[in-house]
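To start, the structure itself, in structure tokens.
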Amino acid sequence: MIDKGQLKKHCLELVGQRLHDLKDQIAALQKSKSEDTKSSMGDKYETSREMVNQEMNKLDQQWEQWQSYQAALERCNTDRDMDQADTSALVGTSIGNFWIITPLGQIQLEGEMIFVISPLAPLAKAFSGKKAKEELMFNGRSIVIKQIN
């Protein structure tokens, strides 16, 4: 199974890149907003400005969301040995590997696919408290927990 320290580093790089991209998008919108001058067509100007404001609000929400993902990753102690599935556990199962930390989705590291999921995700809740070699049913499907790190 993948080393959690390497996985954490990789996920922090992905989140950092997304935050960088969001920062660039926000800067471009701010520049666009400041360059937009009022014309004799006032309604068009106001509509355009409102659209920029709405897009800025969306980007600000995304920024806060991705910062929370970064904070969750930074708080994670990857050296802690875990014997049951819980937040920060890397769970190897019969259907794949899952890291219960924050909702980043499917990533690939060292040729392995890992699903990085939120502790609030239904599957993470189904895993909660389970130990290696235990079996559970999820959406009518049997899942065997092979190992937990």
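The values are calculated or read from the model by the stated rules, or taken from the named source; none is laboratory data. If you're wondering where the values come from, they're calculated on a predicted model, not measured in any experiment. So basically every Cβ, Gly included, is an ideal-geometry build from the backbone, and we count neighbours across all protein chains shown.
Observations, loosely collected:
- When restricted to residues that are over 16 Å from Asp83 (Cα atoms), in contact (Cβ under 8 Å) with a residue 40 or more places away in the chain and among the small types (Gly, Ala, Ser), the stretch 123-143 contains 1.
- Some residue of the stretch 40-63 being in contact (Cβ under 8 Å) with a residue 40 or more places away in the chain, surrounded by 13 or more Cβ atoms within 10 Å (Cβ to Cβ) and either at negative phi or part of a loop (DSSP other than H, G, I, E, B) (or both): yes
- Subset of the stretch 67-79 [over 16 Å from Ile117 (Cβ atoms) and either without any contact (Cβ under 8 Å) to a residue 60 or more places away in the chain or in a loop (DSSP other than H, G, I, E, B) (or both)]: Gln67, Gln70, Ala71, Arg75, Asn77, Thr78, Asp79
- Selection from the stretch 15-37 of residues that are surrounded by 12 or more Cβ atoms within 10 Å (Cβ to Cβ), modelled with pLDDT under 95 and over 11 Å from Leu59 (Cβ atoms): Ser32, Lys33, Asp36
- Restricting the stretch 64-79 to residues that are of a type in the set (S, T, N, Q) and at pLDDT 95 or above, the residue that is surrounded by the most Cβ atoms within 10 Å (Cβ to Cβ) is Gln70.
- Hits in the stretch 85-94 (condition: under 14 Å from Gln147 (Cβ atoms) and in contact with a Phe, Trp or Tyr (Cβ under 9 Å, 6 or more places away or on another chain)): Ala85, Ala89, Leu90, Val91, Gly92, Thr93
- Checked against (1) under 16 Å from the mean Cα position of the chain (by Cα); (2) over 19 Å from Ile145 (Cα atoms), Val116 meets all criteria but (2).
- The number of residues in the stretch 96-112 that are among the charged types (D, E, K, R) and on the phi > 0 side of the Ramachandran plot comes to 1.
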